[in-house]
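The values are calculated or read from the model by the stated rules, or taken from the named source; none is laboratory data. The model shown is predicted, which means the values in this text are computed figures rather than measured ones. Don't worry about glycine lacking a Cβ; one is built from the backbone with ideal geometry, like all the others, and counts go over all protein chains shown. Quick note on the areas: whole protein, heavy atoms, side chains included, nothing else; ligands and nucleic acids left out. Shrake-Rupley method; radii C 1.70, N 1.55, O 1.52, S 1.80 Å.
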Amino acid sequence: MAGINVPIGPAIVEYGEGADMTKFEFTKGGIVFSYTTSKQDVTIDQYGDTIVKSIMKGRTAQAVVPFALHDIEKISKVTPNSEFTIDGTDPSKKKLVVKSEAGYDMRANAKKLVIKPTDPDATPNDWITIPLAGASSDGELTYNSDNERVQNITFIAYQNEDGLFVMGDETAEA
C-alpha cells in the first residue's frame, strides 16, 4: 500500500510580484486559507421543504496570515489607506500613518498572493494562488511577557479573468 500524503507544517506568503513582492515568512498561529460557497436551495409545493435542486450563487475565499515580526514597512504593504514614511535625515526613523476614510477602494491595490508550504518536498502542486487578493491588516498587539505581538493580515480574493483562486500549479494547462 502506498503512503498516504497528509501534509502538515507552516507556509510562507508572497504578496505581489517581482520588485513589488513582499514576503511574509514568519507567522504565529498558522496561515488559514478558507473558501465558502453560497447557494440557493429550490423547493416546490408538491414536496414541501424537500430540496429538489440547488443553485450556486457565488463563492468567497480568503487567507489569514498571523504575521509575527514587528516590521512596519511590511505592514504598510498590506494596510490600505495608509502612508509609510522613512525619515529623510535619519533612515532608522520610520512611521506608518493609518487613515480611516470611508469609501476607500480595497480592490484598487489588490495583488497576486501565493501560499507556499515550507516542507522541503512541497512543489507548486501544493501551492494556493489568489490571482487578485486585497489586503487588510488587523492588529491586536499585546504588551506582556507571555504573548507575541501578531498582526493578522486578511487577504480577500476578488474574482477576475483568472478565477477566484487556484489550488496547485497555476501553470498547468490542458
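Here are some notes:
- Beta carbons closer than 7 Å, at least 6 apart along the sequence or on distinct chains, pair a first residue in the range 43-64 that is touching a residue at least 24 places away in the same chain (Cβ under 8 Å) with a second that is open to solvent by 80 Å² or more (accessible area, probe 1.4 Å) and among the aromatic types (Phe, Trp, Tyr) for 59/35; 60/35; 61/35.
- Some residue of the range 45-60 being surrounded by 13 or more Cβ atoms within 10 Å (Cβ to Cβ), closer than 26 Å to residue 25 by Cα, modelled with pLDDT under 90 and out of contact with any Gly (no Cβ under 9 Å at 6 or more places or on another chain): no
- Yes/no for residue 31 being farther than 17 Å from residue 70 by Cα, open to solvent by 50 Å² or more (accessible area, probe 1.4 Å) and of a type in the set (A, V, I, L, M): no
- Residue under evaluation residue 83, criteria (1) outside any strand (DSSP E or B); (2) over 18 Å from the mean Cα position of the chain (by Cα); (3) under 20 Å from residue 20 (Cα atoms), criterion not met: (1)
- Test result for residue 92, among the hydroxyl-bearing types (Ser, Thr, Tyr), open to solvent by 70 Å² or more (accessible area, probe 1.4 Å) and over 21 Å from the mean Cα position of the chain (by Cα): yes
- Only a single item in (1) surrounded by 12 or more Cβ atoms within 10 Å (Cβ to Cβ); (2) farther than 30 Å from residue 161 by Cβ is not met by residue 109, and it is number (2).
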